[in-house]
1. If you check 97, 125, 102, which single one turns out to be closer than 30 Å to residue 12 by Cβ and out of contact with any strand residue (DSSP E or B) (no Cβ under 8 Å at 6 or more places or on another chain)?
2. When you look at residue 126, is it within 17 Å of residue 20 (Cα to Cα), touching a helix residue (DSSP H, G or I) at 6+ places or on another chain (Cβ under 7 Å) and modelled with pLDDT under 95, yes or no?
3. Looking at 45, 9, 18 in this structure, which one is at pLDDT below 90 and surrounded by 14 or more Cβ atoms within 10 Å (Cβ to Cβ)?
4. Report, by residue number, each residue of the range 63-92 that is more than 19 Å from residue 131 (Cα to Cα) and buried (at least 22 other Cβ atoms within 10 Å of the Cβ).
5. Restricting attention to the range 48-62, which residues are surrounded by fewer than 21 Cβ atoms within 10 Å (Cβ to Cβ) and within 12 Å of the chain's Cα centre (by Cα)?
């Protein structure tokens, strides 16, 4: 078995970051529904969570991203995959947001604060995907 698929009781930093970001995004998605409810699912309401515009569809995206993080980040290989998903997905969300802010067709109700968060999350995804991990090899045989 490879070190990426087993655990000796401690988690690597990419796994910890993936689990943490997964938990935060899941929580944000759930809390978002207390603010938006389920009406105007992909609309442009005045609903904000802190300084970020949200709608129910945006909440669903956060929940899916959160669950993916919690499921994938249980192993190093999964955490790295989650990191790439964050990097590519939130990189694309950043580009989408650059052209979608203020447009009637913006189904995620993105604002400038969301764009900053999206590019930051994409960078965190790169860190999770590429962060070097030091693994220790121990000799358990006795002479």
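1. Details: 97 fails: closer than 30 Å to residue 12 by Cβ; 102 fails: closer than 30 Å to residue 12 by Cβ.
Criteria check complete, one pass: 125.
2. no
3. After applying the criteria, what remains is 45.
4. 65
5. The answer is 61, and nothing else.
Quick grid of which residues meet (1) under 20 Å from residue 53 (Cα atoms); (2) at pLDDT below 95:
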{"site": "73", "(1), (2)": "no, no"}
{"site": "82", "(1), (2)": "no, no"}
{"site": "85", "(1), (2)": "no, no"}
{"site": "90", "(1), (2)": "yes, no"}
{"site": "95", "(1), (2)": "yes, no"}
{"site": "105", "(1), (2)": "yes, yes"}
{"site": "108", "(1), (2)": "yes, yes"}
{"site": "111", "(1), (2)": "yes, yes"}
{"site": "116", "(1), (2)": "yes, no"}
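The values are calculated or read from the model by the stated rules, or taken from the named source; none is laboratory data. All values reported here derive from a predicted model rather than from experimental measurement. When we count neighbours, we look across all protein chains shown, and the Cβ atoms used for this are built from the backbone with ideal geometry, even at glycine.
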